[in-house]
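**Student:** My questions will all concern the structure given below.
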Amino acid sequence: QLQLVESGGGLVQPGGSLRLSCAASGFSLDDYAIGWFRQAPGKEREGISCITTDGSTYYADSVKGRFTSSRDNAKNTVYLQMNSLKPEDTAVYYCAVHRGWDRFQALEYQAYDYWGQGTQVTVSS
């Protein structure tokens, strides 16, 4: 069965760091671009990062310079390292598989299938 599972979320103070993991089962993540999205209460789902099959990355302006996506194909896992966290980063974070590849839709949720269940990140003092 195809499955994506996010983990690593939690409560952290402003300025702190977290590393999220996106683990795949039933298929190989190395065949796909993988996106990270988040959704905060009352807001639309926001694309924040994408890592391609060759390791190239894309970031939303809201997280650029603070978040870094990487992949470990041997572990069939993609990571999102989040540094210098701000209260506005509070959201449920999701990973997803890009349906094909279109660099102009790297951060667009409509281009993705096979979503994980999400992991909660809360940034608060």
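**Student:** Through the Karplus equation 6.51 cos²θ - 1.76 cosθ + 1.60, θ set to phi - 60°, convert the phi angles of region 87-96 into ³J(HN,Hα) values in whole Hz; use x for Gly and Pro.
**Tutor:** x, 6, 7, 4, 4, 8, 9, 10, 10, 7
**Student:** I would also like to ask the following. Output needed: percent of Cα pairs per 5 Å distance bin for region 1-51, bins running from 0 to the one holding the longest distance.
**Tutor:** 4, 14, 20, 26, 20, 9, 5, 1
**Student:** In square angstrom, what is the accessible area per residue of the chain with a 1.4 angstrom probe?
**Tutor:** Computed with neighbouring chains in place, this is 52 Å² per residue.
**Student:** Another question, if that's okay. In Å and on Cα atoms, what radius of gyration and Dmax does the chain show?
**Tutor:** 13.4, 40
**Student:** Please list, in order along region 14-28, the HN-Hα scalar couplings obtained from phi with the Karplus expression 6.51 cos²θ - 1.76 cosθ + 1.60 (θ = phi - 60°), rounded to whole Hz, x for Gly and Pro.
**Tutor:** x, x, x, 9, 9, 10, 8, 10, 10, 9, 9, 9, x, 7, 9
**Student:** In what sequence, highest mean first, do 104-116, 84-96 appear when ranked by Cβ atoms within 10 angstrom?
**Tutor:** The peptides rank, most packed first, as 84-96, 104-116.
**Student:** Now for a separate question. Once the convex hull of the C-alpha atoms of region 70-125 is built, how many Å³ does it hold per residue, rounded to a whole number?
**Tutor:** 121 Å³
**Student:** Quick check: at a probe of 1.4 Å, how many percent of the accessible area of region 64-125 sits on carbon and sulfur atoms?
**Tutor:** On region 64-125, the fraction of accessible area on carbon and sulfur atoms equals 45 percent.
**Student:** Assuming 0.36 nm per residue, please report the length gained on full extension of the stretch residue 120 to residue 44 beyond their Cα-Cα distance.
**Tutor:** Additional length available on full extension: 25.8 nm.
**Student:** Given 0.36 nm per residue, what is the gain on full extension from residue 84 to residue 68 after removing their alpha carbon distance, in nm?
**Tutor:** Stretched fully, the residue 84-residue 68 segment lengthens by 4.6 nm.
**Student:** Would you grab the residues whose amide H sits under 5 Å from the one on residue 71? Only those 5+ places off in sequence or on another chain, please, with H modelled 1.01 Å from N.
**Tutor:** Under 5 Å from the amide H of residue 71 lie the amide H atoms of 79, each far enough along the sequence or on another chain.
**Student:** Using all C-alpha to C-alpha distances in region 11-80, build P(r) with 5 Å bins and read off the rounded percent in each one.
**Tutor:** Per 5 Å bin, starting at 0, the Cα pair percentages come out as 3, 15, 24, 24, 18, 10, 5, 0.
The values are calculated or read from the model by the stated rules, or taken from the named source; none is laboratory data. From a predicted model like this one, the values you see are computed outputs, not experimental measurements. Here Cβ is always computed from backbone atoms with ideal geometry, including for glycine, and neighbour counts include all displayed protein chains. Just so you know, the surface numbers come from the protein's heavy atoms only, side chains and all, with ligands and any DNA or RNA stripped out. Shrake-Rupley method; radii C 1.70, N 1.55, O 1.52, S 1.80 Å.
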